[in-house]
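Down below is the structure, laid out as structure tokens.
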Amino acid sequence: MESNGCPYVIDRTGSDIQAEAARLRELGPAVPVELPGGVPAWSITSYALARRLFADPRVVKDPRRYWPAFVDGEIGDDWPLISWVKMDSMTLVDGDDHRRLRGLVAPDFGPRRIETQRPLVERIVADLLDRLAEHPAGHPVDLRANYAAPLPAQMICELFGVPEEARLEVLHGLELAVDTTLPPEQAAANLAHWQVALRELTAAKRAAPGDDMTSRLVQAHDRQGLLSESELVGSLFNVLGAGSETVMNLLTKAVVALLSHPDQRELVTTGKVSWSDVIEETLRAEAPIAQLPLRFAAEDIELDGITIGKGTPILMCLAAAGRDPERYGTDAETFDLTRSDKEHLSFGYGAHFCVGAALARLEASVALPALFDRFPDLTLAVRPGELEPPGTFIMNGLRSLPVYLTGPPAG
Ligand code: HEM
């Protein structure tokens, strides 16, 4: 493994996620990078190495134990990725604490329990499609704002009993948390802001518990003492945040892939491949989390000639791993619904494997076929190259997705 030791400065605006992932992969399976704020880290770009390190007990998640720069106060609240390291949640702890916090929510997200939510997903989808159909024909409609964003946001707010009037507040804070172009003072203000919004939510559930996951977490805190107050808020932030933007990215990228590959669209709309093939191939080729922050080396880790030094942050470049030719062959870049290798790392791997994978798959498996059934002439309203990224190097999404629902206007 070769490296010239000179860090690659990550484009914090995420202006071309796939081009950057490809460049990083060319530099090697593990690449020294510089994160915003001059923070040194490693980005893991190969499928095989990412999978190996996901399962390596020397690769850990707790910044308060394993990241000296954080412990020493060098990483301030104004660091653009602060909400990824400063919350008390399952995703930032290891071992017993991880099992304890994950165990409080994971049962609600198991595949069988989640399948019981299908009628709710279908209802939300049908309602959103009806509203889309009200748009005047021949005018572009933003499918991100009117379909891909509200479905997962409404779902997660239903599951967590977030009252209608608090939804915008909570979701806006979570959206800002993945914006890596925010000026420092805004990053810090956002961190404070979401904490207040989520504390208000827990207070409301304490006063009037409901049959929802927030109320169950509040009870686990109040009655059983299974988690601290800050773990309660952190868990909510973690699950609410993880459950919205990721699914939105999956939906928008799947729609763009189908609309820009008519042969692939025909394969699925004529039933030659399944919608599950569409979902898994989109997850592989367009990993919704492009650069997964952060893990840390608990000790020096030797990898065929390079050393990831103890205490150094590690990002899994899932965008690069998903298109790794060593795993997927020379056509790894191609969106191919007939690909036989359906495995990918886009939901992670090992102990921290995505809690919400079944929910994400359920939402997409309802939303995508329903959209293409209802609007068989759906067309992009701009060329694929004109679609703009949202201003983050962590997420692989779109700022907007303009489409014509009933085909391009005549003339
Ligand atoms: C397409 C959609 C989604 C993608 C691509 C995705 C991706 C991921 C990935 C890569 C991880 C691993 C994190 C790590 O190892 O550091 C993860 C963890 C997690 N995801 Fe998802 N996710 C999605 C949807 C959801 C949904 C809908 C929820 C809703 C509840 C959710 C909740 C979580 C939680 C709580 C974790 C932390 C698990 C842990 O640390 O043990 N995700 N997700």
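The values are calculated or read from the model by the stated rules, or taken from the named source; none is laboratory data. Since we're looking at a predicted model, the values are computed, not measured. Because the Cβ atoms are built from the backbone with ideal geometry, glycine has one as well, and the counts that use them run over all protein chains shown.
Quick test for you: out of GLU363, GLU302, GLU326, pick the one residue that is at pLDDT 95 or above, of a type in the set (Asp, Glu) and touching a strand residue (DSSP E or B) at 6+ places or on another chain (Cβ under 9 Å). Give the steps one after another, and end with the answer.
Details: GLU363 fails: touching a strand residue (DSSP E or B) at 6+ places or on another chain (Cβ under 9 Å); GLU326 fails: touching a strand residue (DSSP E or B) at 6+ places or on another chain (Cβ under 9 Å).
Going through GLU363, GLU302, GLU326 in turn, the sole match is GLU302.
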May I ask you to list the residues in segment 269-322 that are within 25 Å of the chain's Cα centre (by Cα) and among the β-branched types (Val, Ile, Thr)? VAL278, ILE279, THR282, ILE289, THR312, ILE314
Can you list residue pairs whose Cβ atoms sit under 9 Å apart, with the first residue in segment 297-321 being on the phi > 0 side of the Ramachandran plot and small (Gly, Ala, Ser) and the second being in a strand (DSSP E or B) and at pLDDT 95 or above? Count only pairs 6 or more apart in sequence or on different chains. GLY311/PHE296; GLY311/ALA297
Check on SER340, touching a residue at least 24 places away in the same chain (Cβ under 8 Å) and either in a loop (DSSP other than H, G, I, E, B) or surrounded by 17 or more Cβ atoms within 10 Å (Cβ to Cβ) (or both): no
Restricting to segment 333-347, and then to whatever is under 21 Å from the mean Cα position of the chain (by Cα) and not charged (D, E, K, R), can you tell me which residue is farthest from the ligand (Cβ to nearest atom)? PHE335
Output the residues belonging to segment 125-172 that are modelled with pLDDT of 90 or more and either charged (D, E, K, R) or touching a His at 6+ places or on another chain (Cβ under 7 Å) (or both). ASP127, ASP130, ARG131, GLU134, VAL141, ASP142, ARG144, GLU158
Residue within segment 16-31 that is more than 23 Å from GLY305 (Cβ to Cβ), in contact with a strand residue (DSSP E or B) (Cβ under 9 Å, 6 or more places away or on another chain) and at pLDDT below 95 present: no
Identify, by number, the condition in (1) farther than 18 Å from GLN18 by Cα; (2) within 16 Å of the ligand (Cβ to nearest atom); (3) assigned to a helix (DSSP H, G or I) that LEU294 doesn't meet. (3)
Tally the residues that are free of Cβ contacts under 8 Å to residues at least 40 places away in the same chain, surrounded by 15 or more Cβ atoms within 10 Å (Cβ to Cβ) and outside any helix (DSSP H, G or I), restricting the search to segment 63-82. 1
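Surrounded by 13 or more Cβ atoms within 10 Å (Cβ to Cβ), charged (D, E, K, R) and in a helix (DSSP H, G or I), is that true of ARG327?
It is true that ARG327 is surrounded by 13 or more Cβ atoms within 10 Å (Cβ to Cβ), charged (D, E, K, R) and in a helix (DSSP H, G or I).
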What's the number of the condition ARG199 fails, among (1) surrounded by 22 or more Cβ atoms within 10 Å (Cβ to Cβ); (2) closer than 28 Å to LEU294 by Cβ? (1)
Can you report the number of residues in segment 150-164 which are surrounded by fewer than 23 Cβ atoms within 10 Å (Cβ to Cβ) and of a type in the set (Gly, Ala, Ser)? 1
Going through segment 206-247 one residue at a time, which ones are over 27 Å from the mean Cα position of the chain (by Cα) and among the basic types (Lys, Arg)? ARG206, ARG223
Please indicate, with yes or no, whether at least one residue in segment 42-60 is more than 11 Å from the ligand (Cβ to nearest atom), of a type in the set (S, T, N, Q), part of a loop (DSSP other than H, G, I, E, B) and within 23 Å of the chain's Cα centre (by Cα). yes
Can you tell me which condition GLY311 does not meet? The list is (1) small (Gly, Ala, Ser); (2) within 16 Å of the ligand (Cβ to nearest atom); (3) closer than 25 Å to ASP96 by Cβ, and all the others hold. (2)
Conditions: (1) closer than 20 Å to SER346 by Cα; (2) not in a loop (DSSP other than H, G, I, E, B). GLY14 meets all but one. Number of the miss? (2)
Within segment 348-402, the residues that are away from the ligand (no atom under 11 Å from the Cβ), part of a strand (DSSP E or B) and crowded, with 19+ Cβ neighbours inside 10 Å are LEU380
If you take just the helices (runs of 4 or more DSSP H) that sit entirely in segment 86-178, which of them hold at least 1 residues that are away from the ligand (no atom under 16 Å from the Cβ) and out of contact with any Asp or Glu (no Cβ under 6 Å at 6 or more places or on another chain)? 118-133, 164-176
Scan of segment 83-122 for residues that are in contact (Cβ under 8 Å) with a residue 12 or more places away in the chain, within 18 Å of LEU217 (Cα to Cα) and either exposed (fewer than 13 other Cβ atoms within 10 Å of the Cβ) or in contact with a strand residue (DSSP E or B) (Cβ under 7 Å, 6 or more places away or on another chain) (or both), ordered by number: GLY110
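Residues are listed down the side, and each one gets a yes or a no for (1) touching a Leu at 6+ places or on another chain (Cβ under 6 Å); (2) within 15 Å of ALA69 (Cβ to Cβ); (3) small (Gly, Ala, Ser); (4) free of Cβ contacts under 8 Å to residues at least 60 places away in the same chain:
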| residue | (1), (2), (3), (4) |
| --- | --- |
| ARG12 | no, no, no, no |
| SER15 | no, no, yes, no |
| GLN18 | no, no, no, no |
| ARG23 | no, no, no, yes |
| GLU26 | no, no, no, yes |
| ALA41 | yes, yes, yes, no |
| SER46 | no, no, yes, no |
| LEU49 | no, no, no, no |
| ARG52 | no, no, no, yes |
